[in-house]
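In what follows, a structure is listed as structure tokens, so that the remarks can point back to it.
The values are calculated or read from the model by the stated rules, or taken from the named source; none is laboratory data. Predicted model only: the values in this text are computed from it and were never measured. All Cβ positions, even for glycine, are placed from backbone atoms using ideal geometry, and neighbour counts span all protein chains on display. When the accessible area is computed, the model is the full protein with side chains, heavy atoms only, and any ligands, DNA or RNA have been set aside. Shrake-Rupley method; radii C 1.70, N 1.55, O 1.52, S 1.80 Å.
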Amino acid sequence: MNKEEKLSPKVEALYKAVIELLLEGREIRKMKVSEITERAGIGKGTAYEYFKSREELLMDALNHCHREWMVSIQSELSRCGGFMEKMSCLFELLDDIMARLKKEALEEICNIFFFYPIFRREGESGMIGRLYEIVREAKRGGELKEEFPDEYIVLVLSGKLFDYITYYVGVKENIPSECTPEQIRGYLLESIRREVVK
């Protein structure tokens, strides 16, 4: 389905059903078209009027969700001032999302958005693209160390964000932690400041 097209109500219901099941901790690989259409309140055959296969439905739903999430993130970031404020905002957005998810959903979402190759094709419109934009803007503003290439700084930033997600998965698995999410966020932000900020 073309991302520029307006979604039909039935496609929107299918996408919403996929995301609801995912947020409940249902593994994407085990989702059946019948449970998606039941959740969406439409007949199973209707799904195949819009999608050639279960895989196409699932990937389109996840791509749609990913794009919407990126638009939301961009909107939040546009309200922030400098580089460190934007990084703090990204951690807070992650915190807000992760606090609401079940452990199973968090693990599945991490697998999808960090490891599934289909999301790498989003390039400039995905999370890595947002990080490149933040880095380029901060370099133009003289906030970041010039000796580091953009790619290195983006690797540092994506690593810190992933570290935070890893911490959260541990908390959800009831692994004892001597730190609160706020402390971990503070430590990671301070390490970003030391590593790449002038």
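Observations on the model:
- Here the Gaussian network model covers the chain, with springs between Cα atoms less than 10 Å apart; of Asp96, Asp163, Asp60, Asp96 fluctuates the most.
- Whichever lysines have a C-alpha closer than 17 Å to that of Lys6, once near sequence neighbours (fewer than 8 apart) are set aside: Lys16
- Taking all protein chains together and rolling a 1.4 Å probe, Cys65 ends up with roughly 40 Å² accessible.
- Considering only GluC sites (Glu not before Pro) in DSSP loops that have at most 14 other Cβ atoms within 10 Å, the longest stretch of the chain without any of them is 28-145.
- Descending principal axes extents, the chain, alpha-carbon based, whole Å: 58, 41, 27
- Ellipticity at 222 nm from helices only: DSSP H runs of n ≥ 4 in the chain, each -39500 (n - 2.57), divided by the residue count, give -22000 deg cm²/dmol.
- For Ile175 and Asp96, a Förster radius of 22 Å and the Cβ-Cβ distance give a FRET efficiency of 0.55, rounded to the nearest 0.05.
- Restricting the trypsin sites (Lys or Arg not before Pro) of segment 58-87 to loop positions (DSSP other than H, G, I, E, B) with no more than 10 neighbouring Cβ atoms within 10 Å leaves Arg79.
- Surface composition of the chain: carbon plus sulfur atoms contribute 52% of the solvent-accessible area (1.4 Å probe, protein chains only, all chains present).
- Residues in segment 72-91 that a label on Ser191 would reach, taking backbone N under 16 Å of a point 7 Å out along Cα→Cβ: 88, 91
- Applying 0.36 nm per residue to the separation of Lys6 and Glu133 and subtracting their alpha-carbon distance, the gain on full extension is 43.0 nm.
- Given their separation in residues at 0.36 nm each and the Cα-Cα distance between them, Ser72 and Thr166 gain 31.6 nm when the chain is fully extended.
- Take the Cβ atoms of Gln183 and Glu20, set R0 to 22 Å, and the FRET efficiency comes out at 0.10.
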